[in-house]
Amino acid sequence: MFTGLVQAVGQVQRRAGGLQVLIPAGAGLDPACLALGDSVAVDGVCLTVTHRSATGFDADVSEETLGRSTLAAKAERRDWVNLEPALRLADRLGGHLVSGHVDGLGTVVAIEQQPASWRLALRWDEALYGRYICEKASVAVDGISLTVAGCSPDGAEFWIAVIPHTWASTTLQRLRVGDVVNLEADLLAKYTERLLTGTKGRPNAPSPEITGAWLAEHGWG
């Protein structure tokens, strides 16, 4: 589990059977603090440390992960990635609960520099995930916890106000219109949807109509 507060920026490259993440000296995340088996969010993707060195760490990556994220393309380019070690129970939850399981990809629609921030507009590549987006909701963009400033009626397109600290400390500053990013919707939104429309082990059963009577029957007021 992560918070979406990036601690360092590194570079990712391919290795046999997985990826290697290189962490520049003084980047804010010391590889010596990592142990075999630790979880690290790499651009919002939860990876497990399989080998550690003085300059970074290695991780195995499944076909599922490569197919759902930008890691394969970034590794080919030796591109920069956001890094965050796993949350400890005693840590402050400064962002929001991020699982490191990417839901889908998004495309950068627009980038606008404003007097005190940057306006970053994104669009889900699969519009169905827009149902998890609403104004002031949380969303992880390449592993960064961000707040939705506004969205289209279906949530498929949304925009974010990025403060200068976040812009300068992450890979957001490297984005260009048309670039692809990893997106993870708010975990609580997905669980809430499951609880309200769950079919109790009957995957083909129709979802119930959410009415005042239905909510009262199920203990919601």
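Values quoted throughout were computed directly from the atomic coordinates according to the rules given, and no laboratory measurement underlies them. All values reported here derive from a predicted model rather than from experimental measurement. Here Cβ is always computed from backbone atoms with ideal geometry, including for glycine, and neighbour counts include all displayed protein chains.
Before moving on, here are some points about what is shown:
- Formal net charge of residues neighbouring Arg52 (Cβ-Cβ distance under 15 Å; K, R +1; D, E -1): -3
- Modelled spin-label separation between Leu66 and Arg174, with each label point placed 7 Å from Cα along the Cα-to-Cβ direction: 2.0 nm.
- Contact order relative to length of the chain, as percent, for alpha carbon pairs under 8 angstrom and 6 or more apart: 21 percent
- Each Lys or Arg adds one and each Asp or Glu subtracts one; over the other residues with Cβ under 12 Å from the Cβ of Gln13, this totals +2.
- With a Förster radius of 25 Å applied to the C-beta separation of His51 and Arg88, the computed FRET efficiency comes to 0.65.
- Percent RCO, i.e. relative contact order, over segment 8-85, from Cα pairs under 8 Å lying at least 6 residues apart: 40 percent
- For the residues Ala110, Ala41, Ala185, a GNM of the chain with alpha-carbon springs under 10 Å puts the largest fluctuation on Ala110.
- Residues Glu126, Glu184, arranged from fewest to most other Cβ atoms within 10 angstrom of their Cβ, appear as Glu126, Glu184.
- Label-point separation in nm, Asp38 to Leu128, each point 7 Å along Cα→Cβ: 3.7 nm
- Relative to the longest principal axis of the Cα atoms of the chain, the long axis of helix 187-197 makes an angle of roughly 30 degrees.
- When the chain is treated as a Gaussian network with alpha carbon springs shorter than 10 Å, the biggest mean-square fluctuation among Gly143, Gly106, Gly26 belongs to Gly26.
- Over the chain, DSSP H runs of length four or greater, each weighted -39,500 (n - 2.57), average out per residue to a 222 nm ellipticity of -4000 deg cm²/dmol.
- Comparing Ser53, Ser69, Ser145 in a Gaussian network model of the chain, where Cα atoms under 10 Å apart are tied by springs, the biggest mean-square fluctuation is seen for Ser53.
- Shown is the FRET efficiency for Ala149 and Ala73, computed with R0 = 25 Å from the Cβ-Cβ distance and rounded to the nearest 0.05: 0.35.
- Net charge contributed by nearby residues that have their C-beta within less than 13 Å of Val139 (K/R +1, D/E -1): -2
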